[in-house]
Amino acid sequence: MWRFWFPLLLGLLQPLARLQADQVDDYVNGEMTSHRIPGVSLLVIQTNQPVKRAAYGLANVELNVGVKPETVFEIGSITKQFTAAGILLLAQDGKLSIDDRISRYLKQTPESWQAITVRQLLTHTSGLKSYTGLDGFELRRHLTQDQFILALGRHPLEFQPGEAWKYCNTGYNLLGFIVENVSAKSYWDFLSERILQPLGMSSTANRLPAHIIPDRAAGYEQTNHVWINRDCDLTDVFSAGAILSNADDLARWNASLDTGTVLTGETRRQMWTPTKLNNGTVTNYGFGWYIDRLQGHTNIGHSGSTSGFSASLQRFPDDHLAIIILTNTDEQIATALAKHIATFYLARVGSQ
């Protein structure tokens, strides 16, 4: 009897699978056309298994090279997850506490910074001015720790620590320096030894333009609806946003967050707990992650944007679903794409 019904069942399921694939492909292709996105890498994961891996468009327009699943993109502020994980690993090791003041781990911090804690850097509640967009922090300058702290120390706090929430790349650069000072290793060596190598993330690295990176996508901006090569005078975003990676490597990172390969269950719980301000107001940010809801489903994720790139990693833990989107466009669109694609799969879960 089973021999008879199995082919029939398979025949019924295959059109549904094709419908799902066509729905996603049609949506992505339509958005690429309307927003003039050169290339997209997509990976949909359910219960830590890839259910859709797709590559669209061009990784390099000038050379007419298509995007592949292996194509490497800058992931921008998704980097913050890794920086936060580095701090939390050091906390797990007993080498720091996230409630310590940052002056314990950084030299020559201004008097106005004395009350700022590591936790407040992680949660964007430090009051520090974000350096991105300011002159003097270009990649070609590559400021040392001392130079960076001196330059930022000239700017007054925007609010007292813990009084408000404001996205701040400065905090995550300082966290990278704390990782270096506490571990006595470079940020990149620490990241490689404690996260990238153990997880087999061999395509994840520092985005430095001088480095030869196999399968690296080119980044693009638009002027009057015409593609141009991305601005080469980049801001040095270091541990706030300088990682590049591909979809499969980010899938390995995503899987580790379910299995506890890198961070313990208690550490991950802290990382995904929304931050409270001094007055008790709850924000929608943890340690390097936004905590939100989408159509009634818990959504934990983060976008990333650098010159010429937009990326997103969105997790739906209750549904065992994750969406990874990497693009080489300057429009901050990846999270909108990822969340829309998620609704196709969340709808299927809800209908079962």
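The values are calculated or read from the model by the stated rules, or taken from the named source; none is laboratory data. Small disclaimer: the values here were computed from a predicted structure and weren't measured. Cβ placement follows ideal geometry from the backbone for every residue including glycine, while neighbour counts extend to all protein chains displayed.
Here is a yes/no grid of residues against (1) at pLDDT below 95; (2) of a type outside the set (D, E, K, R); (3) touching a helix residue (DSSP H, G or I) at 6+ places or on another chain (Cβ under 9 Å):
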position: Arg18; (1), (2), (3): yes, no, no
position: Met32; (1), (2), (3): no, yes, no
position: Glu62; (1), (2), (3): no, no, no
position: Ile78; (1), (2), (3): no, yes, yes
task: Please work out which one of (1) surrounded by fewer than 20 Cβ atoms within 10 Å (Cβ to Cβ); (2) touching a Ser or Thr at 6+ places or on another chain (Cβ under 7 Å) is the condition Gly76 fails and give its number.
output: (1)
query: Does Gln160 satisfy being more than 17 Å from Gly241 (Cβ to Cβ), surrounded by 14 or more Cβ atoms within 10 Å (Cβ to Cβ) and under 25 Å from the mean Cα position of the chain (by Cα)?
result: no
statement: Checked pairs for the stretch 322-349, first more than 24 Å from Leu257 (Cα to Cα), second among the β-branched types (Val, Ile, Thr) and part of a strand (DSSP E or B), C-beta under 7 Å and 6 or more apart or across chains, list as Ile333/Thr327
query: Among the candidates Ala217, Ala205, which residue alone is modelled with pLDDT of 95 or more, over 15 Å from Pro38 (Cα atoms) and in contact with a strand residue (DSSP E or B) (Cβ under 7 Å, 6 or more places away or on another chain)?
result: Ala205
- request: Could you pull out the residue among Thr170, Thr204, Thr235 that is surrounded by 15 or more Cβ atoms within 10 Å (Cβ to Cβ), in contact with an Asp or Glu (Cβ under 9 Å, 6 or more places away or on another chain), closer than 24 Å to Thr144 by Cβ and among the hydroxyl-bearing types (Ser, Thr, Tyr)?
  value: Thr235
query: For the stretch 290-297, does any single residue satisfy the condition of being under 30 Å from Pro214 (Cα atoms), out of contact with any Asp or Glu (no Cβ under 9 Å at 6 or more places or on another chain) and of a type in the set (Val, Ile, Thr)?
result: no
- prompt: Of all residues in the stretch 276-298, which are over 16 Å from the mean Cα position of the chain (by Cα) and either among the charged types (D, E, K, R) or under 16 Å from Leu88 (Cα atoms) (or both)?
  reply: Lys276, Arg293
statement: Within the stretch 32-52, the residues that are over 19 Å from Ser310 (Cβ atoms) and surrounded by fewer than 21 Cβ atoms within 10 Å (Cβ to Cβ) are Gln46, Thr47, Asn48, Gln49, Pro50, Val51, Lys52
message: Go through (1) in a loop (DSSP other than H, G, I, E, B); (2) touching a helix residue (DSSP H, G or I) at 6+ places or on another chain (Cβ under 7 Å); (3) at pLDDT 95 or above for Glu163 and report which single condition fails.
response: (2)
- request: Only residues that are in contact with an Asp or Glu (Cβ under 6 Å, 6 or more places away or on another chain) and of a type in the set (S, T, N, Q): list them for the stretch 49-96, please.
  value: Thr71
query: Take the residues of the stretch 101-148 that are assigned to a helix (DSSP H, G or I) and basic (Lys, Arg): which is surrounded by the most Cβ atoms within 10 Å (Cβ to Cβ)?
result: Arg119
- prompt: Within the stretch 54-100, restricting attention to residues that are in a strand (DSSP E or B) and within 21 Å of the chain's Cα centre (by Cα), which residue is nearest to Ile178 (Cα to Cα)?
  reply: Glu74
field: Residue count, the stretch 222-238 (criterion: under 29 Å from Asn254 (Cα atoms) and either over 19 Å from the mean Cα position of the chain (by Cα) or not β-branched (Val, Ile, Thr) (or both))
entry: 4
query: If you go through the stretch 41-50 one residue at a time, how many are in contact (Cβ under 8 Å) with a residue 12 or more places away in the chain and more than 19 Å from Glu31 (Cα to Cα)?
result: 5
